[in-house]
Amino acid sequence: MKFFSLAAINAGLAVCISCSSDKPDNTNHYLQEMTGRYRLSEIYTDEPVDIDLNGTYNTDLTQEICMAVWPFEFLTAEITNNYYTRVSYNVPVYSLPEVYPAEPCFATASTGYYLDVSKSNGAVTITERPDNLEQERGTLQNISYNNDTLHLIISREFITADGWKPFVLHMVYKKDPSLN
């Protein structure tokens, strides 16, 4: 009986020890500050682009992209800290060419990346990528956070009059407590 009791206690300790790493990190004040939901405030490229193929080039993509399903205000992002740290966000993807053949309209698609946020300086490192989604949705290159503003830098291709071309896409979000 003593052997069974000791074995049960040891098994219980092993389970508790292995579970301790599964708890959210509540000691990282940078991560605690970043955690929450955000609404898109800006979406732009580094260089002018003519995505709607009307001959006018803009860096402000709200002037270039027809959103077929949702307006830009519905593009949101979220940073979670539940057993892992992750950023999830909606990004415009090409959609409905049969409905809007004269202009490329976009729908939204969700994507996410696992992150590490430094306890010492708040620097964000991408630790796991959704490689199978990056061709259509772009590749997240950098994440920065400052004063309730989340800035995602994404490399992706857009169709232009000269064919598919790579661009650097900036998606800037403001923390929005009404989304929580």
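The values are calculated or read from the model by the stated rules, or taken from the named source; none is laboratory data. Everything numeric in this text was worked out from a predicted model, so none of it was measured. We place every Cβ from the backbone using ideal geometry, glycine too, and count neighbours over all the protein chains shown. Areas reflect the complete protein model, heavy atoms only, side chains present, ligands, DNA and RNA absent. Shrake-Rupley method; radii C 1.70, N 1.55, O 1.52, S 1.80 Å.
Some notes on this structure:
- Between GLU157 and SER41, the simple spin-label model (points 7 angstrom out along Cα→Cβ) gives 3.3 nm.
- With DNA, RNA and ligands ignored, accessible area of LYS165 (1.4 Å probe; Å², nearest 10): 80 Å²
- Here the simple spin-label model places points 7 Å from the Cα toward Cβ, and for ASN121 and GLN141 these points are separated by 2.0 nm.
- For region 22-62, the square roots a ≥ b ≥ c of the C-alpha gyration tensor eigenvalues yield an a/c of 1.5 or more together with a/b exceeding b/c, which makes the shape prolate.
- Solvent-accessible ranking of ILE159, ILE154, largest area first, probe 1.4 Å: ILE159, ILE154
- Taking label points 7 Å from Cα along the Cα-to-Cβ direction, THR59 and THR27 give a separation of 4.2 nm.
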